[in-house]
Ligand SMILES: Cc1cc2nc3c(=O)[nH]c(=O)nc-3n(C[C@H](O)[C@H](O)[C@H](O)COP(=O)(O)OP(=O)(O)OC[C@H]3O[C@@H](n4cnc5c(N)ncnc54)[C@H](O)[C@@H]3O)c2cc1C
């Protein structure tokens, strides 16, 4: 078997494996190199297993409110942490196996091991420094292994790992990252979650649903700091109503470790220090790109703040070398990684009309209870840019389907450019908004105006009707408010 390819991809996360499939579809001889787990962080430790955990949490939350639906649950609903985790790991394992199947189906060679760029167009694959993490799916049989491989085009898709704050480094025992938080072997009684981005808030929400006493500490003035302030405030109130404790403009300055607990020294804005003792601390202060030990320095590849610098098509400053996904910078999201990869490979293949990545139209979703979803500019960002805007709002409390579901807390907010009528931002909090947001993503991608949206018929009764009402409200025409 030849070790020479048209395209070599390092890393099989959603960025890498999707790019490999598109590459094979375009007739390019393709191989993917992976050291740890097919499907990357997303399938094994990120998007998918968290959603499986959060599904257990959602069922728990519904059961706790069974009475309000006229239903009686005999006894108390309890969670068996082993079974909850086993289900989540099983979901990951199934999808991880699915990526192996897709590689085979598309005749993509899988090379198992740790890749390093040795010179332009060449990669040396050595033994992996990481253990295979899915015991159900050991290293696939019949794959290639250690050796030297060459390709006209090499795409780095090595992803990211948890960021550690100096002095508060995760130890896997008392201070967890998402790895430990994803598969606890016991249910802690209390937790401090440091950081309230999507990862921190999703774990905070999950553990709270499981009855854990959770305190979230966030250095910024709002939870989920990238979200619209109004949406974030509604989410915060709802999370607090569920019993989450939230401290904003507060920072974990120091963590003292006990035998089986931690004490976090939390500094608040007024300079006061509060000590919070809990069973465990989850460090969720972001991720950093996997750029080390790849041979990037020797090739002179430009990096910036832990990520590889690329243009809108994934090209680095070194000819024939590309980067996509988390390693190529924020937003660090699976769908961004996939899309960036598809753009990159289609450009390599010389397809006409390939558009560069437009980061302004990447949706973001947080699957806490209540869910949060957004695309485009927040109200504050639009104002900062000096845009003249119109803002529409519609509350879940005025929507028939939301009331029927027993989910009447939430808001859909739309932001339009006053001059052109273009939809420039949409922000949501409430049930199922992570599914609803895509309607506005399509609208924004088609450069839709308020008029197009007003002329669109939304089915009744649905939560999606609130999207139209929010648009109507921006123009003083809401019907049900
Ligand atoms: C807890 C959590 C929840 C998340 N939830 C969501 C969500 O709901 N939605 C969303 O969009 N995003 C979510 N994310 C982010 C998402 O997981 C990442 O954005 C996505 O996985 C990035 O894909 P990638 O292909 O760039 O890299 P990764 O998925 O990180 O894959 C990179 C792969 O490269 C391999 N690799 C690295 N170095 C080498 C090497 N030298 N040789 C060989 N192989 C190598 C790694 O083993 C890995 O498999 C979540 C992340 C976490 C941690």
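Within this structure, residue 123 passes the test of being surrounded by 18 or more Cβ atoms within 10 Å (Cβ to Cβ), within 14 Å of the ligand (Cβ to nearest atom) and at pLDDT 95 or above.
For residue 33, the conditions (1) assigned to a helix (DSSP H, G or I); (2) surrounded by 22 or more Cβ atoms within 10 Å (Cβ to Cβ); (3) assigned by TED's automatic domain parsing to the domain that holds residue 145 all hold with the exception of (1). Would you check which residues across the stretch 230-270 are touching a residue at least 40 places away in the same chain (Cβ under 8 Å), assigned to a helix (DSSP H, G or I) and either within 19 Å of residue 61 (Cα to Cα) or in contact with a helix residue (DSSP H, G or I) (Cβ under 6 Å, 6 or more places away or on another chain) (or both) and list them? The answer is 234, 235, 238, 239. At least 3 residues being outside the structural domain of residue 156 (by TED's automatic domain parsing) and closer than 21 Å to residue 161 by Cα is the threshold, and among the strands (runs of 3 or more DSSP E) wholly inside the stretch 91-131 not one reaches it. Considering the conditions (1) outside any helix (DSSP H, G or I); (2) more than 19 Å from residue 333 (Cβ to Cβ); (3) within 14 Å of the ligand (Cβ to nearest atom); (4) out of contact with any strand residue (DSSP E or B) (no Cβ under 9 Å at 6 or more places or on another chain), residue 72 is excluded by exactly one of them, (3). Of all residues in the stretch 213-229, none satisfies being assigned to a helix (DSSP H, G or I) and within 12 Å of the ligand (Cβ to nearest atom). Which members of the stretch 282-300 meet the condition of being assigned to a loop (DSSP other than H, G, I, E, B), more than 11 Å from the ligand (Cβ to nearest atom) and crowded, with 17+ Cβ neighbours inside 10 Å? Correct list: 285 only. Among residues of the stretch 161-186 that are outside the structural domain of residue 257 (by TED's automatic domain parsing) and at positive phi, none has a Cβ under 8 angstrom from a residue that is away from the ligand (no atom under 16 Å from the Cβ) and in a loop (DSSP other than H, G, I, E, B) at a sequence gap of 6+ or on a separate chain. Taking (1) touching a strand residue (DSSP E or B) at 6+ places or on another chain (Cβ under 7 Å); (2) away from the ligand (no atom under 16 Å from the Cβ) in turn, residue 353 satisfies each apart from (1). Only one of the numbered conditions (1) surrounded by 20 or more Cβ atoms within 10 Å (Cβ to Cβ); (2) free of Cβ contacts under 8 Å to residues at least 24 places away in the same chain is not met by residue 55, and that is (1). Can you go through 38, 73 and tell me which one is touching a helix residue (DSSP H, G or I) at 6+ places or on another chain (Cβ under 6 Å) and free of Cβ contacts under 8 Å to residues at least 40 places away in the same chain? Checking each option against the conditions leaves just 73.
Could you tell me whether any residue of the stretch 400-410 is closer than 23 Å to residue 377 by Cβ and either out of contact with any strand residue (DSSP E or B) (no Cβ under 7 Å at 6 or more places or on another chain) or assigned to a helix (DSSP H, G or I) (or both)? Can you show your working first?
To start, the set of residues in the stretch 400-410 that are closer than 23 Å to residue 377 by Cβ comprises 410.
Imposing the further condition that a residue be either out of contact with any strand residue (DSSP E or B) (no Cβ under 7 Å at 6 or more places or on another chain) or assigned to a helix (DSSP H, G or I) (or both) reduces the set to none.
Within the stretch 400-410, none of the residues are closer than 23 Å to residue 377 by Cβ and either out of contact with any strand residue (DSSP E or B) (no Cβ under 7 Å at 6 or more places or on another chain) or assigned to a helix (DSSP H, G or I) (or both).
With respect to (1) not in a loop (DSSP other than H, G, I, E, B); (2) not assigned by TED's automatic domain parsing to the domain that holds residue 128, the lone exception for residue 8 is condition (2). Quick one: in the stretch 133-162, which of the residues that are within 13 Å of the ligand (Cβ to nearest atom), in contact with a strand residue (DSSP E or B) (Cβ under 9 Å, 6 or more places away or on another chain) and assigned to a loop (DSSP other than H, G, I, E, B) is modelled with the lowest pLDDT? Applying the filter and picking the extreme gives 139.
Yes/no matrix, rows are residues, columns are (1) in the same structural domain as residue 423 (by TED's automatic domain parsing); (2) touching a residue at least 12 places away in the same chain (Cβ under 8 Å); (3) surrounded by fewer than 20 Cβ atoms within 10 Å (Cβ to Cβ):
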{"site": "302", "(1), (2), (3)": "no, yes, yes"}
{"site": "324", "(1), (2), (3)": "no, yes, no"}
{"site": "343", "(1), (2), (3)": "no, yes, no"}
{"site": "387", "(1), (2), (3)": "yes, yes, yes"}
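Residues that are near the ligand (Cβ under 8 Å from one of its atoms) and either crowded, with 20+ Cβ neighbours inside 10 Å or outside the structural domain of residue 41 (by TED's automatic domain parsing) (or both) within the stretch 328-337 comprise 328, 332, 333, 334, 336, 337, listed in sequence order.
The values are calculated or read from the model by the stated rules, or taken from the named source; none is laboratory data. Computed from a predicted model, the values in this text were never measured in an experiment. When we count neighbours, we look across all protein chains shown, and the Cβ atoms used for this are built from the backbone with ideal geometry, even at glycine.
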